[in-house]
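Asks: To start, I am sharing the structure in question, which I have written as structure tokens.
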Amino acid sequence: MKIPYFQVNAFTSNPFGGNPAGVCVLENWLPDDLLQRIAAENGFSETAFVKTQDDYFDLRWMTPTVEVDLCGHATLASAAVIFSELGWTQDRVFFQTKSGRLSAARRQTMIELDFPSRPPKPCPAPEKLIQGLRTKPLEVLKSRDYVAVFKSTDEVSSLKPNFDTLAELDCLGIIVTAKDTNADFVSRFFAPRAGVAEDPVTGSAHCSLIPYWAERLDKSELFARQVSERGGELHCRNLGKRVGIAGNAWVYCRGELELP
């Protein structure tokens, strides 16, 4: 059995930047345990599995250890494959996912994701969060993930977390963020509980970051940087109950997986 397979670096126009995702194009769904083994073998923070329907695509995302409910960079990667490799001529593509119906649209040279907004709410800082980050944030909030707000980009960039401790928190991931001088805000994302110590660029985290910073900065359009080692750039829009997350994507590799 041969499966069309692509590696796409999302939220970058640099072939060696952004967040790499594997994209597998399926004719029929394979057993879940096989999908999980493929994701583990790929070793990326997420592998996307795309299945064609009549006028939309089913889409699932898996880390090397678990299936997740929402993933931005692997959705951007999937849309890039559909637009550039599968002959999709329309300017928008729809996905059916665990987070409902999502879409991606061509926006000049970028692709914009239409995702649900997940505004974080203030909460007490768990001791495990402070221990795991090795410092106390200015503010802590939570939606799906914990959001830890810091004073500066330097503080966010210099964090050296204890991932074993962060993995004990009751969340998928931990977002750390700060206002920036060269962008509206920066962030990093840690998800050791899901088998990903640090994710290079995390679209789904911006479902919480966009409403938070839109309110703080009184802006509906924002430019964000994820300051991981690879780095990435995200062009964001606050749309009320939805958010727009746009970026570039580089199709780095085209090939196929061969399975028994």
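Asks: Could you tell me which residue of the stretch 229-260 is surrounded by the fewest Cβ atoms within 10 Å (Cβ to Cβ), considering only residues that are aliphatic (A, V, I, L, M) and under 14 Å from PHE16 (Cβ atoms)?
Replies: Filtering the stretch 229-260 for residues that are aliphatic (A, V, I, L, M) and under 14 Å from PHE16 (Cβ atoms), the one surrounded by the fewest Cβ atoms within 10 Å (Cβ to Cβ) comes out as VAL251.
Asks: Exactly one condition in (1) among the acidic types (Asp, Glu); (2) in contact (Cβ under 8 Å) with a residue 24 or more places away in the chain; (3) in a loop (DSSP other than H, G, I, E, B) is false for ASP54; which is it?
Replies: Status for ASP54: all satisfied but (2).
Asks: Within the stretch 177-212, which residues are assigned to a loop (DSSP other than H, G, I, E, B) and hydroxyl-bearing (Ser, Thr, Tyr)? Let's see the steps before the verdict.
Replies: Narrowing the stretch 177-212 to residues assigned to a loop (DSSP other than H, G, I, E, B): 180-184, 195, 200-205.
If the condition is that a residue be assigned to a loop (DSSP other than H, G, I, E, B) and hydroxyl-bearing (Ser, Thr, Tyr), then THR181, THR202, SER204 are the ones that fit.
Asks: If I ask for residues that are among the small types (Gly, Ala, Ser) and either in contact with a helix residue (DSSP H, G or I) (Cβ under 6 Å, 6 or more places away or on another chain) or under 21 Å from MET110 (Cα atoms) (or both), which ones from the stretch 229-260 would you list?
Replies: Those that are among the small types (Gly, Ala, Ser) and either in contact with a helix residue (DSSP H, G or I) (Cβ under 6 Å, 6 or more places away or on another chain) or under 21 Å from MET110 (Cα atoms) (or both): GLY231, GLY232, GLY244, ALA246, GLY247, ALA249.
Asks: List the number of the failed condition for LEU113; all other conditions in (1) in contact with a Leu (Cβ under 9 Å, 6 or more places away or on another chain); (2) in the same structural domain as LYS241 (by TED's automatic domain parsing); (3) not polar (S, T, N, Q) hold.
Replies: In the conditions (1) in contact with a Leu (Cβ under 9 Å, 6 or more places away or on another chain); (2) in the same structural domain as LYS241 (by TED's automatic domain parsing); (3) not polar (S, T, N, Q), LEU113 misses (2) alone.
Asks: Out of LYS136, LYS128, report the one residue that is under 25 Å from ALA194 (Cα atoms), in contact (Cβ under 8 Å) with a residue 40 or more places away in the chain and surrounded by fewer than 21 Cβ atoms within 10 Å (Cβ to Cβ).
Replies: Among LYS136, LYS128, only LYS128 is under 25 Å from ALA194 (Cα atoms), in contact (Cβ under 8 Å) with a residue 40 or more places away in the chain and surrounded by fewer than 21 Cβ atoms within 10 Å (Cβ to Cβ).
Asks: Right, something else. Taking the stretch 71-113, which residues are in a strand (DSSP E or B) and closer than 23 Å to ASN14 by Cα?
Replies: ALA104, ALA105, ARG106, ARG107, MET110, ILE111, GLU112, LEU113
Asks: Which one is surrounded by the most Cβ atoms within 10 Å (Cβ to Cβ) among residues in the stretch 203-223 that are farther than 17 Å from CYS71 by Cα and in contact with a helix residue (DSSP H, G or I) (Cβ under 7 Å, 6 or more places away or on another chain)?
Replies: Only one residue tops the list, namely LEU222.
Asks: Scan the stretch 146-155 and tell me whether some residue there is part of a loop (DSSP other than H, G, I, E, B), more than 17 Å from the chain's Cα centre (by Cα), aliphatic (A, V, I, L, M) and at pLDDT 95 or above.
Replies: No, there is no match, as no residue in the stretch 146-155 is part of a loop (DSSP other than H, G, I, E, B), more than 17 Å from the chain's Cα centre (by Cα), aliphatic (A, V, I, L, M) and at pLDDT 95 or above.
Asks: Out of curiosity, is LEU70 surrounded by 16 or more Cβ atoms within 10 Å (Cβ to Cβ) and out of contact with any Phe, Trp or Tyr (no Cβ under 9 Å at 6 or more places or on another chain)? Show your work before the answer.
Replies: Details: surrounded by 16 or more Cβ atoms within 10 Å (Cβ to Cβ): yes; out of contact with any Phe, Trp or Tyr (no Cβ under 9 Å at 6 or more places or on another chain): no.
It is false that LEU70 is surrounded by 16 or more Cβ atoms within 10 Å (Cβ to Cβ) and out of contact with any Phe, Trp or Tyr (no Cβ under 9 Å at 6 or more places or on another chain).
Asks: How many residues, within the stretch 31-50, are buried (at least 17 other Cβ atoms within 10 Å of the Cβ) and not hydroxyl-bearing (Ser, Thr, Tyr)?
Replies: Within the stretch 31-50, the first condition is being buried (at least 17 other Cβ atoms within 10 Å of the Cβ), and the residues that meet it are 35-36, 38-39, 42, 44-50.
If we keep only those that are not hydroxyl-bearing (Ser, Thr, Tyr) as well, we get 35-36, 38-39, 42, 44, 46, 48-50.
So the count comes out to 10.
Asks: Before we move on, is ASP114 closer than 24 Å to ARG188 by Cα and modelled with pLDDT under 95?
Replies: no
Asks: Another question, then. Scan the stretch 10-17 and tell me whether some residue there is surrounded by fewer than 16 Cβ atoms within 10 Å (Cβ to Cβ) and farther than 28 Å from GLU233 by Cβ.
Replies: As a first pass, look at the stretch 10-17 and keep what is surrounded by fewer than 16 Cβ atoms within 10 Å (Cβ to Cβ): 13-16.
From what's left, farther than 28 Å from GLU233 by Cβ: none.
Looking through the stretch 10-17, none of the residues is surrounded by fewer than 16 Cβ atoms within 10 Å (Cβ to Cβ) and farther than 28 Å from GLU233 by Cβ.
The values are calculated or read from the model by the stated rules, or taken from the named source; none is laboratory data. Quick caveat: nothing in here was measured; it's all calculated off a predicted structure. No Cβ is skipped: glycine too gets one built from the backbone with ideal geometry, and neighbour counts run over all protein chains shown.
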